[in-house]
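Structure first, then comments.
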Amino acid sequence: AASDVYKRQVFVIGPDRKIKMMMTYPMTTGRNFDEILRALDSMQLTAKYRVATPVNWKHGEDVIIAGSVTDEEAKKIYPEGWKAPKPYLRIVKQPS
């Protein structure tokens, strides 16, 4: 359909001049500014700390220790420990 040809796009470009995020919306759908801000919060957090943010995460909520962090490294970074409902899912309070 002709309405599918035209899109609204949101790009987030990092300080390294690389695209960090792209969101595409149909012209008939408004952009979700709260989601854009949530994604920016997540990208800034995960760039500074070795964590990942779960689905629907919001600033201040628990995060996941990145899979690239070994348990030995995690013990040094998070000496208070973490919750691990699955061996690969290590949940900690959001670092600040």
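For Trp82, no residue 5 or more places off, or on another chain, has a built amide H under 5 Å of its own. Rounded to the nearest 10 degrees, the angle from helix 33-48 to the longest Cα principal axis of the chain is 40 degrees.
By the helix-only formula, in which each DSSP H run with n ≥ 4 contributes -39500 (n - 2.57) and the sum is divided by residues, the chain has a 222 nm mean residue ellipticity of -7500 deg cm²/dmol. Solvent exposure of the chain amounts to 75 Å² per residue of accessible area, where only protein heavy atoms count and the probe is 1.4 Å. From most to least packed by mean Cβ count within 10 Å, the peptides 29-39, 79-89 give 29-39, 79-89. Counting only Cβ charges, +1 for Lys and Arg and -1 for Asp and Glu, the dipole size of the chain around its Cα centre is about 160 debye.
Here the Gaussian network model covers the chain, with springs between Cα atoms less than 10 Å apart; of Asp41, Asp71, Asp62, Asp71 fluctuates the most. How much net charge surrounds Gly81 when only the other residues with a Cβ under 15 Å from the Cβ of Gly81 are counted, with Lys and Arg +1 and Asp and Glu -1? The answer is 0.
Taking each of Lys58/Lys83; Lys48/Lys76; Lys48/Lys75; Lys48/Lys86; Lys20/Lys86; Lys20/Lys76 in turn, the alpha-carbon distance tops 21 angstrom for Lys48/Lys86; Lys20/Lys86; Lys20/Lys76.
Its Cα centre serving as origin, the stretch 48-96 has a Cβ charge dipole (Lys and Arg +1, Asp and Glu -1) of approximately 80 debye. Positive-end ranking of Ala47, Ile19, Ser68 along the dipole of the chain, with charges on Cβ about the Cα centre, is headed by Ile19.
Kirkwood radius for the chain, taken over all pairs of different Cα atoms as the inverse mean of 1/r, rounds to 15.5 Å. When only Cα pairs under 8 Å and 6 or more residues apart are kept, what is the percent relative contact order across the chain? Dividing the mean separation by the residue count of the chain yields 17 percent.
The values are calculated or read from the model by the stated rules, or taken from the named source; none is laboratory data. Just so it is clear, the structure is predicted and the values come from calculations on it, not from any experiment. Because the Cβ atoms are built from the backbone with ideal geometry, glycine has one as well, and the counts that use them run over all protein chains shown. Please note that ligands, DNA and RNA were not included when accessible areas were found on the heavy atoms of the full protein model with its side chains. Shrake-Rupley method; radii C 1.70, N 1.55, O 1.52, S 1.80 Å.
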